[in-house]
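Inspection log for the structure reproduced underneath, given as structure tokens.
The values are calculated or read from the model by the stated rules, or taken from the named source; none is laboratory data. Just so it is clear, the model here is predicted, and its values are computed rather than measured. Reconstructed Cβ throughout: ideal geometry from the backbone, glycine too, with neighbour counts over all protein chains shown. All accessible areas refer to the heavy atoms of the entire protein, side chains included, with ligands and DNA or RNA removed. Shrake-Rupley method; radii C 1.70, N 1.55, O 1.52, S 1.80 Å.
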Amino acid sequence: IVGGSIINYLLEKVRVVRQLEGERNYHIFYQVLAGCEAHPELQAELQVLKPDDYLFLSASGVTTVDGMSDEKEFEDVMSGMDTMNFDADYRSQVLKIVAAVLFLGNLQFEADVKATEEDGAKVKNEDAAKKGADLFGVNAADLMRTLTSRNIGSRSVIMFSYPMDQAAAARDALTKFIYAKLFDELIVRINIALATGVGSADGKGATINVLDIFGFESFTTNSFEQLCINYCNEKLQFHFNEHIFKLEQQEYAAEGVDVPDTAFVDNQACLDMLELARTGVFAMLDEEISVPKGSDEGFLSKVLRDHGKHANMKRPKPKDKDAQLCFNVVHFAGEVQYNVTAFLEKNRDSLL
């Protein structure tokens, strides 16, 4: 299994802290809760609740999938960990991190009258922070202080309190960072296990090939998340074009096999517009973050200025008042309108 940069990028940026209406979060969260319900000893260790008790699982309105047993899926995950020779302590640590992410997502903030800044924040529900900190193996007071303030200065250090919106942003950034790092760690462990011949009779290394396709998305309102997901689909489409059409036809020609050329849509131009260093849409978004007084509106203005005449970029119609903060991308699968509201904040996603 190879952890690709695009997939890791999406994991860290998109789905952990928010889902669309009717969409579940990652299955592992529900599987762990179902596993705790079936195994009292695990429940005693993790102290988790029901899916409806966690913001990350209940906000979309859906916690179950027809025809899917989260309890059975949990047992399959545990069996897979056994096959990969993950020892009991390591399995426990993985489950603790998954559970801790849920408690971290439940943290709420309120005004702190003791803060130096007028709009300083503090954790409102300290019980959730304590449970999460205990599962992470860190001090609860340190965790809450990290999420609500930061140090300014190197020699003379001053504590600067976050306002509530920045504290919430720090919580979400930390949550996604931890989940992404756990994903990376599991990929490394699985690769090590496969390389040493786990599960193979001859002792030679084994491989797993996974084609993980994100569904192309186009909704009434599309934001940063949809741009990331659709960009990933553009990359996959390019991969298909490259390997199924271009390279295969070259192979046939080299072998003297007469196969008619197959027409396909080359989406290289769209990818270049989105991903090229310095000039691509993502690069422009990164640059806007570092610009003094950078804004979503400033980013949009620059995108339309530099790419407004590109074949894969369209300006919204002037009469469409709801599209004043939007740009349209013509993807291989269709045209999608993206609203840039909160693009900078979602892309920044820094561990403050």
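For semi-axes √(5λ) of the Cα gyration tensor in Å, the value computed from the atomic coordinates appears in the list [x] 39, 29, 18; [y] 98, 25, 20; [z] 37, 33, 19 under label [z].
Here the Gaussian network model covers the chain, with springs between Cα atoms less than 10 Å apart; of V340, V101, V113, V113 fluctuates the most.
Longer than 21 Å from Cα to Cα, which of K293/K346; K72/K96; K176/K302; K96/K176 are they? Say none if no pair is. Checking Cα-Cα distances, K176/K302 exceed 21 Å.
Taking trypsin sites (Lys or Arg not before Pro) as exposed when DSSP calls them loop (any state but H, G, I, E, B) and at most 10 other Cβ atoms lie within 10 Å, what is the longest stretch of the chain free of them, the sites themselves excluded?
Working: sites that count: K114, R155, K204, R278, K293, K309, K319.
Free of exposed loop sites, the longest segment is 1-113.
Distances between placed amide hydrogens fall under 5 Å for A121 paired with D112, Y162, all partners being 5 or more residues away or on another chain.
Residues considered: A253, A169, A323. Largest GNM mean-square fluctuation over the chain, using C-alpha springs under 10 Å, is found at A253.
How large is the accessible surface per residue of the chain, computed with a 1.4 Å probe and reported in Å² as a whole number? Walk me through the numbers on the way to the answer.
On the way: 19470 Å² over 352 residues.
Per residue, the chain has an accessible area of 55 Å².
Atom-type composition of the exposed protein surface of the stretch 219-352 places 53 percent of the accessible area on carbon and sulfur (1.4 angstrom probe).
Screening the chain for whole DSSP H helices of 20 Å or more along their axis (Cα) with average Kyte-Doolittle hydropathy at least 0.5 returns 88-105, 164-195. Averaging over every viewing direction, what projected area does the convex hull of the Cα atoms of the stretch 63-128 cover, in nm²? In nm², the orientation-averaged hull projection of the stretch 63-128 is 7.3. Put simply, the amide H of T63, placed in the peptide plane, has no neighbours under 5 Å, leaving out anything fewer than 5 places away on its chain.
With helices as the sole contributors, the chain gives -15500 deg cm²/dmol at 222 nm; each DSSP H run of n ≥ 4 counts as -39500 (n - 2.57), and the sum is divided by every residue.
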